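Heads up: the structure comes next, in structure tokens.
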Amino acid sequence: MIRSRPLSDFHVEIEVYSGPYEWLLALILRHELEVFEVPLRELVDLYLRDRDEVGADTLERDTDFAGSATALVLLKSRSLFPAMEDPADGTEGEVSAEDLADRLSLYLKVRRGAEHLRGRFEEGAGYHPSGHALEPRKGRLRVDRRRLEMATRRMFSRLEEPSLAHIDRITLSLEELAAVIRGAIAGSGGRPLSYEELVRGMDRVGRALTFAAAVSLASEGEVRLLQEEPFGELRVMPA
Amino acid sequence: MMDGAGPEVLVEAILLVSERPVEEEVLLSSAGLDRDGLERALSRLLDKYDARSSGVVLRRVAGGWQLATNPRCAEAIERFRGEARPTPLSGAAYEVLSCVLYLGPMTRGAISAVRGVNSDAVVRNLIERNLLAEVGADEESPGAPALLDVTEDFLIAASAGSREDFPPLEELVSEEELARVRERLKDHASKEP
């Protein structure tokens, strides 16, 4: 017996969607496509055109489709009703005929505006802008003879020692700092020590040297450095 | 004038390399022209890019000027670029755009209230297409919901120079038609038990 194609093979081509029917259902359920934009009658016509007349499980496929299509009808009818609001919570209660007329008048105008926009968009759809945004052009190399001479002279002359006047004189040695770390760990009773605690009160050079001392001790296997995440807290503990 | 080229040549060159509409102020400063010179240049370019005889047209859109292909060449352009036109907007999408154009900036809730149905999914789609954008917040409403307004891309798509290029809302429906709506409502109300 020939088996008919499963419902998952049913492809839909409508104005607002093109693809498998099951994905259409998923999009509607996830509110990524409004059900009232889906022409249900067109959907049924498409299914009937796609339907296999003979097949062992045609009835099963029809039943699946009828079930999902009925759910769509229900959803669509619900979405077309105005939202029910509870008058007790401060929102509007019964709408007067005058208010309703005003609302309908406004909606009618908006609807006409929409029709006008559709016409304009359709007219404007054929225009393509003159060109794509251009990438900024890389600057051309302009060789300045004087600057070339200076660069050459600098390349072949002895480098001057850079000035270190802005750096404080280093008065601590790594050995001293290693001793500080050992002392702190010994006093912690085996508890991991925060690097921030270790360097509290030190200047930038002191902090950097303490870090170097900690790394040096870790490489010698005397301590372990722990950091659970990049840029996270750094802790020092006995190996 | 700059660069020894005629005003319209300068304006034409600037428009050619710009994908977005170029404001007149930018044209004035970039081309080094005065107001009269720019107007003459644009007038000559409008003649040159006459839609009846040119594959390129000069459009005044979104508060600026833009060179674009003639819509009559659209099919050939799309074949050449191997791309299809974007899916047309749905009726609901045009309604939301119309709401925001005429009544906006407004919140998602206000749009839904005018249309009588939840419009959030439609709004999301229009924001993705860059036809609507959040432009601020309604500070007086609880939770300060975002205010939506139409974008420059909307004006370009609608071939409009500005909001003023659209017919006023009041002119879209005649008084007679509105009176008929009221009459029908009144009849309906009187028949209700």
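Both numbers refer to the Cα atoms of the protein assembly as shown; Rg and Dmax are 35.1, 105 Å.
Temperature 37 °C, viscosity 0.692 mPa s: under these conditions the Stokes-Einstein estimate for region B:1-128, based on its Kirkwood radius over C-alpha pairs, is 187 µm² per second. For region B:7-79, the residue among B:LEU16, B:SER30, B:ALA51 whose Cα projects farthest onto the positive side of the dipole built from Cβ charges is B:ALA51. Just to verify a number: FRET efficiency for A:ALA218 and B:SER141, C-beta to C-beta distance, R0 = 41 Å, to 0.05? According to the calculation, E is roughly 0.10.
Within straight-line reach of A:LYS109, meaning a Cα separation under 14 Å, sit the following aspartates and glutamates at least 8 residues removed in sequence or on another chain: B:GLU95, B:GLU170, B:GLU171, B:GLU175, B:GLU176, B:GLU177.
Inter-label distance, A:SER163 to B:VAL9: 5.3 nm, where each label sits 7 Å from its Cα along the C-beta direction. Which of the three applies to region A:174-238, rounded, prolate or oblate, going by the alpha-carbon gyration tensor with a ≥ b ≥ c and a/c under 1.5 meaning rounded? It is rounded, given that a/c, with a ≥ b ≥ c, falls under 1.5. Kirkwood hydrodynamic radius of region B:91-187, from the reciprocal of the average inverse Cα-Cα distance over all distinct pairs: 14.6 Å.
Longest span of chain B, sites excluded, free of GluC sites (Glu not before Pro) in DSSP loop with at most 10 other C-beta atoms within 10 Å? Here the longest run is B:1-82. A straight Cα-to-Cα reach below 15 Å connects A:LYS76 with the aspartates and glutamates A:GLU32, A:GLU34, A:GLU37, A:GLU42, residues fewer than 8 places away in its own chain not being considered. A straight Cα-to-Cα reach below 13 Å connects B:LYS48 with the aspartates and glutamates B:GLU8, B:GLU12, residues fewer than 8 places away in its own chain not being considered.
Relative to the Cα centre, the charge distribution of chain B, modelled as +1 at Lys and Arg Cβ and -1 at Asp and Glu Cβ, gives a dipole magnitude of about 740 debye. Quote the FRET efficiency, to the nearest 0.05, computed for B:ARG40 versus B:ALA84 with a Förster distance R0 of 51 Å and r equal to the Cβ-Cβ distance. Working from the Cβ atoms, E equals 0.80.
When the Cα positions of A:THR152, A:VAL223, A:SER105 are compared along the charge dipole of the protein assembly as shown, A:THR152 comes out farthest toward the positive end, with charges on each C-beta of Lys, Arg, Asp and Glu. For region A:164-239, trypsin sites (Lys or Arg not before Pro) are listed when DSSP marks them as loop and at most 16 other Cβ atoms sit within 10 Å of their Cβ; the list is A:ARG169, A:ARG200.
Under the convention that each Lys and Arg Cβ holds +1 and each Asp and Glu Cβ holds -1, the size of the dipole of region A:7-80 around its Cα centre is about 360 debye.
Note that region B:7-79 shows a convex hull volume over its alpha carbon atoms of 82 Å³ per residue.
Each listed q (0.16, 0.21, 0.23, 0.27 Å⁻¹) maps to a log10 I(q)/I(0) for region A:7-80, found by the Debye formula over equal Cα scatterers with no solvent: -0.54, -0.92, -1.10, -1.46.
Any read-out appearing in this document is the output of simple, stated calculations on the displayed coordinates, not a laboratory observation. These numbers come from a predicted model, not from an experiment. Don't worry about glycine lacking a Cβ; one is built from the backbone with ideal geometry, like all the others, and counts go over all protein chains shown.
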